[in-house]
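Undergrad: Below is one structure. I have some questions about it.
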Amino acid sequence: MNILLDLFLTFAKIGLFTFGGGYAMISLIEHACVERKLWITHDEMMNVTVIAESTPGPIAINCATYVGYKQKGLAGAIAATVGMVLPSFCIIFLISMFLDGFLEIAWITHAFMGIRIAVGILILDAAVKMIGKMPKKPIPLTIMACSFLAMLLTDVFALHVSSITLMLIAAVVSLALFMLNGNTGKAGAAK
């Protein structure tokens, strides 16, 4: 099959059947691009996820753009990105035409409650896979555990702390530890 069409259809399927945003799509992107199509490796997927999270734009679209670019350059990036965006755009457009009565339909309200649970499971699945593939070093595990605990406590006690603030604090701590480790590594090498 033409790689551009394959990129478009793969990401269109992910975009069409995934609710809950980019984090819910990570697991499906990994399954399609790493396990089935072998377009990228597990390590690349982890790196893409981290980079996509820290660059502007939705994480799933950034992942699709990267995979498309890696496979077929600019044309591949466009095909994958359009494939990811087009189904959501069409669905939202159709819903907006009928929005007044849309959310008042009982079965739609119940479907969205079920979708919330499925989204939580997809996000948890992506997190478990990434944690399983993460190097088991004490400092990254400690930073991850502290960040998770801080986010959990802010949610439980309804504190108004942005998750972005927590991620920035974790990044600063990681960078500081890297700098300290790099300096001791150089000092140790000089001895």
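Undergrad: Could you work out which residue, out of Asp125, Asp43, Asp155, moves most in a Gaussian network model of the chain, that is, has the largest mean-square fluctuation with Cα springs under 10 Å?
TA: Top of the fluctuation ranking is Asp155.
Undergrad: On a full-extension model of 0.36 nm per residue, what is the gain between His31 and Glu104, subtracting their alpha-carbon distance, rounded to one decimal in nm? List each step's numbers first, then the result.
TA: Details: separation 73, 0.36 × 73 = 26.28 nm, distance 3.52 nm.
Using 0.36 nm per residue and subtracting the Cα-Cα distance, I get 22.8 nm.
Undergrad: Another one. Can you match Cα extents along the principal axes in Å to one of these, [x] 48, 42, 33; [y] 70, 49, 25; [z] 49, 39, 27, based on a calculation from the structure here?
TA: [y]
Undergrad: Tell me, what is the percent relative contact order of region 1-134, built from C-alpha pairs under 8 Å that lie six or more residues apart? The partial results should precede the final answer.
TA: Details: 148 pairs, mean separation 45.6, N = 134.
That works out to 34 percent.
Undergrad: Let me ask another. Treat every Asp and Glu Cβ in the chain as -1 and every Lys and Arg Cβ as +1, leave all other atoms uncharged, and give the resulting dipole magnitude about the Cα centre to the nearest 20 debye. Display every interim value, and only then the final one.
TA: Values: 12 positive and 10 negative charges, 157 e Å.
The dipole of the chain has a size of about 760 debye.
Undergrad: Please turn the phi angles of region 45-57 into ³J(HN,Hα) values with the Karplus equation 6.51 cos²θ - 1.76 cosθ + 1.60 (θ = phi - 60°), one per residue in order, whole Hz, x for glycine and proline.
TA: Couplings: 5, 5, 5, 4, 4, 5, 5, 5, 6, 9, 9, x, x Hz.
Undergrad: Which of the residue pairs Lys37/Lys70; Lys37/Lys136; Lys70/Lys129; Lys13/Lys70 have a Cα-Cα distance greater than 21 Å in the structure shown?
TA: Numbers: Lys37/Lys70 13 Å; Lys37/Lys136 28 Å; Lys70/Lys129 23 Å; Lys13/Lys70 19 Å.
From the list (Lys37/Lys70; Lys37/Lys136; Lys70/Lys129; Lys13/Lys70), the Cα-Cα distance tops 21 Å for Lys37/Lys136; Lys70/Lys129.
Undergrad: Using the basic label-point model (7 angstrom from Cα toward the beta carbon), what is the Leu5 to Glu53 distance in nanometres?
TA: 3.7 nm
Bear in mind these aren't lab numbers, they're just calculated from the coordinates by the rules spelled out. Computed from a predicted structure; not experimentally measured. Neighbour counts are summed over all protein chains in view; Cβ atoms, including those assigned to glycine, are modelled from backbone coordinates with ideal geometry.
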